[in-house]
Amino acid sequence: MNPESKIYIAGHRGLVGTALMRNLREKGFENFLTRTHAELDLTSQAAVDAFFEREKPDYVFLAAAKVGGIHANNTYPAEFIRDNLAIQTNVIHAAYKNSVRRLLFLGSSCIYPKLAPQPMKEEHLLTSELEPTNRPYALAKIAGIEMCWAYNRQYKTQYLAVMPTNLYGPGDNYHPENSHVIPALIRRFHEAKLANAPSVTVWGTGTPRREFLYSEDMADACVYLMNLPDEQFVPLLGQDRNDGLAPLMNIGVGHDLTIRELAETVKDVVGYKGALEFDASKPDGTPRKLMDVGRLNAMGWSARTAMHNGLDAAYRDFQANSDS
């Protein structure tokens, strides 16, 4: 990419999109295409086609998606598969029809099998069954990866899928029911602190292990990959590959912690002094999800933000925006 490149960020107001915007601006990019959901419904093929034909972006970051935690995935499975399939199908095909130079498709670590070997390598995709609680979402994202791969092979496009581990940071969704674990914990501990509540209850046993990546680090990795020279980028795309490895790159920190350890850390960052309890009747989800980030690290990129520092920044952002 160069400073004059026209860059479309789908989902520019979400956790991923806002981080991408900040990182690109810091690196001197200014020619952005952005549309809110009210301005452009990405589930509408006609609307997406018209937008691409009119604007002709050079590069696309496909960060728009319907996302949520265990509760949201269990409650709205139809929306999770329908909306995500529509969004990515429309954008990827429109990118091809309008000669987009490169596209980066944002997925999720839930694409990997429930009992995948740990840490999870890119080649573990589709090797065994998925976690049932988020299968509709995971299958939609897997379809997006396969679509990128198919277009790369048939049309020699340059579409790469990246799989960030669990993300957190400024601009997160703090909805009391539909948020992911870190924003949910930040809100819960904050409200308990204000109410002087004697305890906070966390779903599950606290034993599952999770990996978390600060959103600013994720954005930096995405921009790093999108800016790779052809001799490094093209071999990632599977255009002529017979080894079965999809155009897929893990993004993470390479280490994890238990949900109990996470809850205790968030509790400390928020400054809540009450007790911490766990409701074992609620689902735990996948026992462990640790990314193998060896390929990305070997290419010269690694995460920089320590967990406590990232959580502190996320909590300050929550406090600054909690009224809205």
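So which lysines can Lys6 reach, going by Cα to Cα under 17 Å and dropping same-chain residues fewer than 8 places off? Result set, ordered by chain and number: Lys27, Lys56, Lys97.
Simple rule: put +1 on each Lys or Arg Cβ and -1 on each Asp or Glu Cβ in the stretch 220-291, find the dipole, and look at Leu257, Cys222, Leu290; the Cα lying farthest toward the positive end is Leu257. The Cα atoms of the stretch 26-85 give a gyration tensor whose axes a ≥ b ≥ c have a/c of 1.5 or more with a/b no greater than b/c, which makes the shape oblate.
What angle, in degrees between 0 and 90 and rounded to the nearest 10, separates the Cα long axis of helix 181-195 from the longest principal axis of the Cα atoms of the chain? Roughly 30 degrees, rounded to the nearest 10.
Straight-line cross-link partners of Lys273 among the lysines, defined as a Cα under 21 Å from its Cα and at least 8 positions apart when in the same chain: Lys193. Listed from fewest to most Cβ neighbours within 10 Å, the set His180, His308 follows the order His308, His180. Close amide-amide hydrogen proximity is noted between Asn166 and Glu211, Leu213, each under 5 Å apart and 5 or more residues distant or on a separate chain (H modeled in the peptide plane; Pro and chain starts excluded). For the stretch 107-120, the Karplus equation 6.51 cos²θ - 1.76 cosθ + 1.60, evaluated at θ = phi - 60°, returns couplings of x, 7, 5, 6, 5, 7, x, 4, 10, 5, x, 10, x, 7 Hz by residue, with Gly and Pro reported as x.
Pairing the Cα long axis of helix 45-55 with the longest principal axis of the chain, what angle in degrees results, from 0 to 90 and rounded to the nearest 10? Computed tilt is about 70 degrees. Modelled spin-label separation between Asp268 and Glu79, with each label point placed 7 Å from Cα along the Cα-to-Cβ direction: 3.6 nm. Say the cut-off is 23 Å between C-alpha atoms; which of Lys156/Lys289; Lys114/Lys156; Lys66/Lys114 go over it? Those over the limit are Lys156/Lys289; Lys114/Lys156.
Remind me, what semi-axes does the chain give for its equivalent ellipsoid, largest first in whole Å, using sqrt of 5 times each Cα gyration tensor eigenvalue? All intermediate terms of the calculation are to be shown ahead of the outcome.
On the way: eigenvalues 211, 93, 71 Å².
After scaling each eigenvalue by five and taking roots: 32, 22, 19 Å.
Seen from Thr265, the other residues with C-beta closer than 13 Å to its C-beta sum to a net charge of -2, counting Lys and Arg as +1 and Asp and Glu as -1.
Listed peptides 257-269, 187-199, 83-95 appear in the order 83-95, 257-269, 187-199 once ranked by packing, highest mean of other Cβ atoms within 10 Å at the front. The angle separating the long axis of helix 77-97 from the principal Cα axis of greatest extent in the chain is about 30 degrees.
When only Cα pairs below 8 angstrom with a gap of at least 6 residues are kept, the stretch 41-161 shows a relative contact order of 31 percent.
All of the numbers you see were taken from the coordinates with simple rules; none came from a lab. This structure is a prediction, so every number in the text was calculated from the model and none was measured. Don't worry about glycine lacking a Cβ; one is built from the backbone with ideal geometry, like all the others, and counts go over all protein chains shown.
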